[in-house]
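The block underneath contains the structure these notes are about, expressed in structure tokens.
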Amino acid sequence: MLIGPPASGKGTVGALLSEKLHLPIFSVGELLRDIPENSIFYKPLHDSMDKGELAPDSIAAGVIRDELKSDKYQNGYILDGWMRDITQKDSFDPNVDYAVFIKVSPETSIKRISGRRFCLKDDFSCNIYTLPPQDPNHCDKCGGELVQRDDDREDVAKKRLDLFEKETLPVVEYYKNQGNLIEVGGEGTPGEVSNLILTALNNRDSN
Ligand SMILES: [Zn+2]
């Protein structure tokens, strides 16, 4: 299970781990977004999602259990997007071998988010702090205007981070107490972070 604050690089790191460990990614967010219309969960899910609400845990848990019956998960998987808060365990407890917490400082998280810019013309993305374009207002590729999405504004980013700290950090504490938390620094590149995780997993397995 991967846990990380907003902009921890969890998605990219997860993809690298999936390649190196030969395990599929189990992304709860994607699963809920892509639920087929003929699924019995489609209507109850969309009733709440279309209102802009989060999917109720009990329904999401049903979708997860159903999906986990698929053969491709029988040798294990990398779980992303479940246990955003500790109460989700009551609806579905994934019984993971390890919870991996990718730790980045609040400053890094906010900087990575609030620095994101998108080109209005071709949707090219860059980051004025971490991947700076030559001209902070214009796209390197086509010269189009670079804009910030509303979701990426610093005040919105701070709210998302507050929510993570309030609701998800207790999940980190829970796995720490269970003795199966792996904590790695997430300030490096996704390649570096995934290598830290692989090393930590190897150390655990050989003990
Ligand atoms: Zn452009």
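For the reader, a short list of remarks on this structure follows.
- Cα centroid separation, the range 48-118 to the range 127-174: 20 Å.
- Mean separation of Cα contacts under 8 Å (6+ apart) over length of the chain, as relative contact order %: 28
- Overall dimensions of the range 1-118 as given by Cα atoms, namely Rg and Dmax in Å: 15.4, 44
- Summed side-chain charge close to residue 15 - residues other than residue 15 whose Cβ falls under 15 Å, Lys, Arg +1, Asp, Glu -1: -2
- Per-peptide average of other Cβ atoms within 10 Å, ordering 173-186, 81-94 highest first: 81-94, 173-186
- The chain: calculated mean residue ellipticity at 222 nm from DSSP helix runs of at least 4, using -39500 (n - 2.57): -12000 deg cm²/dmol
- The angle between the Cα long axis of helix 154-163 and the main principal axis of the chain comes to about 10°, on a 0 to 90 degree scale.
- For the range 81-89, 3J(HN,Hα) computed residue by residue from phi via the Karplus equation (6.51, -1.76, 1.60; θ = phi - 60°) reads x, 10, 6, 6, 9, 5, 5, 5, 4 Hz, glycine and proline entered as x.
- Cα lying deepest toward the dipole's positive end in the range 40-146, options 101, 81, 119, charges on Cβ: 119
- To the nearest ten degrees, helix 57-67 and the longest principal axis of the Cα atoms of the chain are 80 degrees apart.
- Here, P(r) means the percent of Cα pairs in each 10 Å bin from 0 to the largest distance; for the chain it is 8, 28, 35, 23, 6, 0.
- For the chain, cysteines whose Cβ has no other cysteine Cβ within reach (under 4.7 Å): 126, 142
- Filtered trypsin sites (Lys or Arg not before Pro), the range 114-158: DSSP coil and at most 12 other beta carbons within 10 Å: 141, 149
- Cβ-defined net charge surrounding residue 52, 15 Å radius [Lys, Arg +1; Asp, Glu -1]: -3
- In terms of distances greater than 26 angstrom between alpha carbons, the cross-link table entries 89/166; 43/89; 51/103 yield 51/103.
- Given +1 at the Cβ of Lys and Arg, -1 at the Cβ of Asp and Glu and no other charges, the dipole of the chain around its Cα centre is 260 debye to the nearest 20.
Every number here is computed from the coordinates shown, using simple stated rules; none is lab data. Being a predicted model, the structure only gives us computed values, none of them experimental. Here Cβ is always computed from backbone atoms with ideal geometry, including for glycine, and neighbour counts include all displayed protein chains.
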